[in-house]
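One structure below.
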Amino acid sequence: MTVYFIGAGPGAADLITLRGLRRLEAAPVCLYAGSLVPEELLGSCPPGARLVDTANLTLDEIVTELAAAHRAGLDVARLHSGDPSVFSAVAEQMRRLDALGVPYEVVPGVPAFAAAAASLGRELTVPGVGQTIILTRTSARATPMPPGEDLATLGASGATMVLHLAVQRIDAVVAELLPSYGPDCPVAVVARASRADEVILRGTLADIAALVHEAGVRRTAVIVVGRVLSASEFPDSHLYSAERARSCDAS
């Protein structure tokens, strides 16, 4: 049978995709991270479904559960917060399933940075201000960053940066980005984006660390750095411009 890696979205239960919900509703086995996936989603599992909280399981234990369900002829909904393509630890699970000959399908979800941008009411690609987004994190207690992917190197571009899994190191993040972005660069920290207990902090590189400490934000947050956060004077997109309309009519 099939393992479905489903992006559960950033937190709000109704931000799962229709495809993801349908896969969840039909799967007799569901593996989920109890600390990250909303409990409301589990109510969509079919009656009698086997629910496995993976929060305290090792990778090998998780794969054992997936392989056992496959041998029993059961589909599995493997719920991951956000979108499986970013910081989800799906790659190593897929590698092991490939080796075992277990089929799987990936169902995209709403990533945390998109939910954060929605909560901030900002577009992260603004004409003439910023057209590039860097999604990254810091090492801390996680897997070391590859060479050349340190914040100082990435920040040299001045592109809009979104940091996951980094809010506990907010002081170090600020210190590494200050030389490239400057103390007046807008910064926002969104914790638990889309959830009822969401927290939004807005500031600059000069004061965001103090705001984070004061608010007690320690996890489940993204940091957004870039001029797009405060941009108000910028050209309209060419997509809907009268000039483009005329050129289309002429062609």
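The values are calculated or read from the model by the stated rules, or taken from the named source; none is laboratory data. Predicted model only: the values in this text are computed from it and were never measured. Counting neighbours? That spans all protein chains shown, and the Cβs are built from the backbone with ideal geometry, glycine included. The area values use the complete protein model at the heavy-atom level, side chains included, leaving out ligands, DNA and RNA. Shrake-Rupley method; radii C 1.70, N 1.55, O 1.52, S 1.80 Å.
I need the full set of residues from segment 72-84 which are over 10 Å from F5 (Cα atoms) and open to solvent by less than 50 Å² (accessible area, probe 1.4 Å), in order please.
Selection gives G73, D75, S81, G82.
Of everything in segment 27-63, what is open to solvent by 70 Å² or more (accessible area, probe 1.4 Å) and assigned to a helix (DSSP H, G or I)? Give them in sequence order.
Listed by number, the residues that qualify are E39, E40, D60, E61.
Check whether at least one residue in segment 99-107 is in a helix (DSSP H, G or I) and at pLDDT 95 or above, and report yes or no.
yes
Take the residues in segment 85-115 that are in contact (Cβ under 8 Å) with a residue 60 or more places away in the chain and in contact with a helix residue (DSSP H, G or I) (Cβ under 6 Å, 6 or more places away or on another chain), then tell me which one is surrounded by the fewest Cβ atoms within 10 Å (Cβ to Cβ).
Y104
Being surrounded by fewer than 21 Cβ atoms within 10 Å (Cβ to Cβ) and touching a His at 6+ places or on another chain (Cβ under 9 Å) narrows it down to one of T2, T17, so name that one.
Being surrounded by fewer than 21 Cβ atoms within 10 Å (Cβ to Cβ) and touching a His at 6+ places or on another chain (Cβ under 9 Å) holds for just one of T2, T17, which is T2.
Can R78 be described as of a type in the set (K, R), touching a strand residue (DSSP E or B) at 6+ places or on another chain (Cβ under 8 Å) and in contact (Cβ under 8 Å) with a residue 12 or more places away in the chain?
Considered against the rule, which asks whether it is of a type in the set (K, R), touching a strand residue (DSSP E or B) at 6+ places or on another chain (Cβ under 8 Å) and in contact (Cβ under 8 Å) with a residue 12 or more places away in the chain, R78 comes out as yes.
For segment 124-143, name all the residues that are of a type outside the set (V, I, T), open to solvent by 60 Å² or more (accessible area, probe 1.4 Å) and closer than 22 Å to S81 by Cα.
L135, A140, R141
So, of the residues in segment 8-22 that are over 11 Å from P108 (Cα atoms) and of a type outside the set (A, V, I, L, M, F, W, C), which turns out to be modelled with the lowest pLDDT?
Only one residue fits best here, namely G11.
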